[in-house]
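Structure first, commentary second.
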Amino acid sequence: MKGRAEARGAVTIVNAIAAGKGCAVGVDLRTWAEVELVPGEGAEVRLEGLPDEPTTLAELCALEVLERFSVRRRAIVRTGSQLPVSRGLKSSSAAANAVIMATLRALGESMPALDVLRMNADVSVRAGVSVTGAMDDAAASLLGGVVLTDNHARALLRRERFGLAPRAVIGVPERMVRKAGLPRERIALHRPLVEEAFRMAWNGEYAKAMYLNSLCYGAALGLDLEPPLRALAAGALGAGISGTGPAVAAFVDLGTERKVAEALGMPTLAADVYQGVEGSG
């Protein structure tokens, strides 16, 4: 009994930690998972290229699916990714989606997309990799396009095609930001402004929302706001901090991609915006 699945990464328009509602966009950077079910119980996980990273999230995802269908088997899980971890590019949400879907395929079962997203969110909180459950990140990863969610209610409020730009350039600093050390009180002080950023996103003003979100989380987390400013000056159609950073995402067209990448002044990844499959969500 074997299954394989892929999920995409995503970048932030509005981070949900401060106000509970978030907005994110899928990007075509991939995470894959393979699951083999064998006699026994529990789970064994191998993270390709990341031998020192915790495996709790992948273990819990596989076990949660097996419990959902009352199956007593041992899950052997392998995962790999194009996404650097703990940089704000939704590596955890993508990994959880991939493991859940691969386990379902190993079982020959399926679940509605919203149930997959809710399972992802609940397990992510239990594993300690998310504050709110990151429903926005999980939805952008699984469904593509731009999504707006109420993370506390585990609700997908809207999903649509993202029309601001076809490509994303992502600046990826070397350092990581772990969720366990976030200054929650400082983030909470910015709730009114983050709520305003979410209203902007709801009205389709994604570039404005992204910039205001960056000002808030940059101030709360002590992140450098110069890279998004340089990206905008170089022609980006929208730019800002992704997640809790330190990555910076910039949406571009093909004519400005190289100039924006150079302006970010750090190692970069570039990818198409992932619009998802028509009819999903």
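The values are calculated or read from the model by the stated rules, or taken from the named source; none is laboratory data. All values derive from a computational prediction rather than experimental measurement. Quick reminder, even Gly has a Cβ in these numbers, built from the backbone with ideal geometry, and neighbours come from all protein chains shown.
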Strands (runs of 3 or more DSSP E) fully within segment 120-193 counting 1 or more residues that are farther than 23 Å from Pro246 by Cβ: 146-150, 155-160
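Given the residues Leu156, Leu215, Leu182, which is the only one that is out of contact with any Lys or Arg (no Cβ under 6 Å at 6 or more places or on another chain) and in the same structural domain as Gly145 (by TED's automatic domain parsing)? Talk me through it step by step, then tell me what you get.
Details: Leu215 fails: in the same structural domain as Gly145 (by TED's automatic domain parsing); Leu182 fails: in the same structural domain as Gly145 (by TED's automatic domain parsing).
Exactly one of Leu156, Leu215, Leu182 is out of contact with any Lys or Arg (no Cβ under 6 Å at 6 or more places or on another chain) and in the same structural domain as Gly145 (by TED's automatic domain parsing), namely Leu156.
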Conditions (1) surrounded by fewer than 20 Cβ atoms within 10 Å (Cβ to Cβ); (2) assigned to a strand (DSSP E or B); (3) not hydroxyl-bearing (Ser, Thr, Tyr); number of the one not met by Gly204: (2)
Test result for Val260, within 19 Å of Val25 (Cβ to Cβ) and under 21 Å from the mean Cα position of the chain (by Cα): no
Residue tally, condition more than 11 Å from Ser214 (Cβ to Cβ), touching a Leu at 6+ places or on another chain (Cβ under 7 Å) and either outside the structural domain of Arg184 (by TED's automatic domain parsing) or part of a loop (DSSP other than H, G, I, E, B) (or both), over segment 229-242: 1
Matching residues, segment 243-281, being part of a loop (DSSP other than H, G, I, E, B), at negative phi and surrounded by fewer than 22 Cβ atoms within 10 Å (Cβ to Cβ): Asp253, Leu254, Gly255, Thr256, Met266, Pro267, Gln275, Val277, Glu278, Ser280
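Of all residues in segment 18-37, which are surrounded by fewer than 24 Cβ atoms within 10 Å (Cβ to Cβ) and under 29 Å from Ser214 (Cα atoms)? Let's see the steps before the verdict.
Of segment 18-37, the ones surrounded by fewer than 24 Cβ atoms within 10 Å (Cβ to Cβ) are 20, 28, 30, 32, 34, 36-37.
Gly20, Asp28, Arg30 - these are the residues of segment 18-37 that are surrounded by fewer than 24 Cβ atoms within 10 Å (Cβ to Cβ) and under 29 Å from Ser214 (Cα atoms).
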